[in-house]
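Undergrad: Once you've had a glance at the structure underneath, I'll fire off some questions.
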Amino acid sequence: MTSYAAVPEPSNQIPQSELNGILKSVDSVLQSWANLSSRYIGMPAEGPATLPLELSIRFSAPFSLFLNIRTTSEMAQVIICSIRGQILFPISDEEVFKEFANLLSDRLMGYLWGNNRRPFKPDQQFLSVPQNWPIGEPTACAAFIVENSPIEVRLWTEFEGGERG
């Protein structure tokens, strides 16, 4: 069973703007797109939890960013059920998760950089595993529960080019 840490006290290690950006972006996308609410539950589980839907997005201009989003197939099904009236054709768990990740990354870039987000175009979006994450701790990260399913979001704003593993 995956366990999550308690909501952390404010820390100098996690810049509030990035953390607030993640919190507001997840909440905004879920509410506006899927009419769902989320509950912030703190930091993602220590050591990678088994979450089969994982997508990473790399940005390189105007500087390097790495965004990682993880969840379960059950969460994808919750979203599909919530947006059912908005889609005209069957959609897979992976497709709805990719759309969620696209909306979330755009919202996050908008929140953090406002009108200056235009240079932030994803260079590479790929299904990933924890071994693909940058070396070092994320700049900001958060975990959420949506109808009993977890979502983890990690953002690296400065990172080594290498991968774990």
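The values are calculated or read from the model by the stated rules, or taken from the named source; none is laboratory data. Because the structure is a prediction, the values reported are computed rather than measured. When we count neighbours, we look across all protein chains shown, and the Cβ atoms used for this are built from the backbone with ideal geometry, even at glycine. The protein model used for the area step is the full one, side chains on, heavy atoms only, and it has no ligands, DNA or RNA in it. Shrake-Rupley method; radii C 1.70, N 1.55, O 1.52, S 1.80 Å.
Undergrad: So if I check each of LEU19, LEU30, which one is open to solvent by less than 80 Å² (accessible area, probe 1.4 Å) and either touching a Ser or Thr at 6+ places or on another chain (Cβ under 6 Å) or at pLDDT 95 or above (or both)?
TA: LEU30
Undergrad: For region 128-159, name all the residues that are among the aliphatic types (A, V, I, L, M) and either part of a loop (DSSP other than H, G, I, E, B) or open to solvent by 10 Å² or more (accessible area, probe 1.4 Å) (or both).
TA: Across region 128-159, the qualifying residues are VAL129, ILE135, ILE145.
Undergrad: Also, I was wondering about something else. In region 44-57, how many residues are more than 16 Å from SER128 (Cα to Cα) and either open to solvent by 50 Å² or more (accessible area, probe 1.4 Å) or modelled with pLDDT of 90 or more (or both)?
TA: 1
Undergrad: If a residue has to be at pLDDT 85 or above and either among the basic types (Lys, Arg) or open to solvent by 80 Å² or more (accessible area, probe 1.4 Å) (or both) to count, how many in region 87-98 make the cut?
TA: Counting residues in region 87-98 that are at pLDDT 85 or above and either among the basic types (Lys, Arg) or open to solvent by 80 Å² or more (accessible area, probe 1.4 Å) (or both) gives 3.
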